[in-house]
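**Student:** One structure, as structure tokens, below. Some questions next.
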Amino acid sequence: MKTFFTQNKVLVWLVIFLLILNLSVITTIVYTKYKQAKTMKLPAVTMRHPPPGPGIFLKNELSMSDQQFVQFNEARTKYQARARELNRQLAVIKKNYYDELMKSNPDLHVIRASCDSIGAKHVQLMQETGRYYLEIRKSCNDGQIIKLNTFFSSVIQSENRPMMHDRGMRTQSGRRGRNYRNNN
């Protein structure tokens, strides 16, 4: 005598498989919700070490004392404010330059004056960078000055490299950016 179950063995096994699969999915969902609820009841974890702030890399690189680091931060803050303002002014001049350049009948005198102004702002920016370097250097000892010179040289070299067009990065092969340290 053939019953429904004996005639449809494949169908019965498929239903059993799907039932087991559904039970495992439901069990997983319930377990995940339980673990999330349990985790949310735990107290918040406090960080033992605050994330490094600006200038920490250079402080560590030069082995600065706390007093030297305070002087460095003051010089850095002043430099960044002045450099930010010069870069803002530079952006305005460049915008005016490009606007004039794209006119149907551009005024060559305005274009030349804009180029001169851009050059003058770059000169001011380089002068500010030089003052910043000298301000930091004043608080360094001879050993720190050697490391500071190495750091500044690497920053200047990395900023003078052309951008890589395929990745949009300022690094070239073999170098890993501004904070790369060669430990040779």
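**Student:** If you plug each phi of region 14-24 into the Karplus form 6.51 cos²θ - 1.76 cosθ + 1.60 with θ = phi - 60°, what whole-Hz ³J(HN,Hα) values come out, in order, with x for Gly and Pro?
**Tutor:** 5, 5, 5, 4, 5, 5, 5, 4, 4, 5, 5
**Student:** Moving on to the next point. Which ordering of 74, 135 is given by a fewest-first count of other beta-carbon atoms within 10 Å?
**Tutor:** Ranking 74, 135 by Cβ neighbours within 10 Å, fewest first, gives 74, 135.
**Student:** Placing one identical point scatterer on every Cα of region 59-154 and ignoring solvent, what is log10 I(q)/I(0) from the Debye formula at q = 0.16, 0.20 Å⁻¹?
**Tutor:** Values, matching the q order: -0.73, -0.92.
**Student:** Further question on the same structure: Counting other C-beta atoms within 10 Å, which of 38, 59 has the fewest, and how do the rest follow?
**Tutor:** 38, 59
**Student:** Could you name the lysines in cross-link range of residue 33, using Cα to Cα under 16 Å and dropping any fewer than eight places away on the same chain?
**Tutor:** 41
**Student:** Counting other C-beta atoms within 10 Å, which of 154, 104, 65 has the fewest, and how do the rest follow?
**Tutor:** 104, 65, 154
Read the figures in this text as sums done on the coordinates, not as results from a lab. As the structure is a prediction and not an experimental result, all values here were calculated from the model. For neighbour counting, all protein chains shown are included, and Cβ atoms are generated from backbone atoms with ideal geometry for every residue, glycine included.
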